[in-house]
Amino acid sequence: MKFSMSIALFLLMCTVAGLSQTDFGFKSAGVKVGYIIPGNIENTIGIGVLADVGRIDIFSLQAYLDYWSKSYTEEMHWDWQWNIISLALVGKYSFQIPGNIKPFVGAGLGFDISSWKSKYTGALSGSDTLMDQTSSESDFDLALHLVGGGSYTFSPQFEGFAEVKYTTGGIDYFGIYIGIYYKLK
């Protein structure tokens with residue numbers, strides 16, 4: 001079901017792109033670092049790369065690749081490891097206001113590849129017998145990305161930005177990022 005939904009959304013996006021004024025091409029590339037707030041996991045730090053890959057009418061298109069990981073111990077005997085890789089294409093609308101600061105909002109679709117591993121190294125309940133049990137799982141999920149923030153032009157080649165991003169996928173999370181773009185065109 002998710003695969004057929006992804007294909008339908010891709011075809012819809014291609015149709016819209018075909019009927020609109022478009023300008024595709026690699027315009028800029030950037031890096032970012034962020035504070036990640038997952039729904040039910042402790043907060044952590046994430047990193048990412050992004051690229052401006054074109055325009056459709058009034059929207060710029062940006063490709064995102066984000067990564068974050070978190071390891072922690074729960075109740076002294078449970079060790080957890082979470083890893084998330086998020087790949088998305090986001091359409092952004094920048095508000096045209098005077099000055100170097102440009103606020104923006106956007107939304108897009110992508111995929112989240114998430115994995116977790118847990119290890120229990122404690123006594124069996126009601127016994128002195130030690131137990132060592134490991135579990136793991138990984139998922140590939142369709143994800144919705146909502147972003148908002150602002151950018152600041154430092155020079156003709158460099159632009160800084162700050163953004164907040166909410167992602168719903170395998171693990172819903174909220175991120176607060178800062179980063180910089182290098183403009184190629």
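The values are calculated or read from the model by the stated rules, or taken from the named source; none is laboratory data. Not measured: the values here are computed from a predicted model. Cβ sites come from the backbone with ideal geometry, for glycine too, and all protein chains shown count toward neighbours.
Just a few scattered comments:
- Any hit, segment 54-72, residues being of a type in the set (A, V, I, L, M) and either in contact (Cβ under 8 Å) with a residue 40 or more places away in the chain or on the phi > 0 side of the Ramachandran plot (or both): yes
- In segment 51-84, residue surrounded by the most Cβ atoms within 10 Å (Cβ to Cβ) [restricted to those that are assigned to a strand (DSSP E or B) and acidic (Asp, Glu)]: Asp66
- Criterion: in contact with a Lys or Arg (Cβ under 7 Å, 6 or more places away or on another chain) and of a type outside the set (A, V, I, L, M, F, W, C) - qualifying residue of Gly39, Gly99, Gly91, Gly106: Gly106
- Looking across segment 87-108 at every residue that is touching a Ser or Thr at 6+ places or on another chain (Cβ under 6 Å) and assigned to a strand (DSSP E or B), the one that is surrounded by the fewest Cβ atoms within 10 Å (Cβ to Cβ) is identified as Lys102.
- Residue check, Ala51 modelled with pLDDT under 75 and out of contact with any Lys or Arg (no Cβ under 7 Å at 6 or more places or on another chain): no
- Any hit, segment 94-104, residues being at pLDDT below 95 and within 10 Å of the chain's Cα centre (by Cα): no
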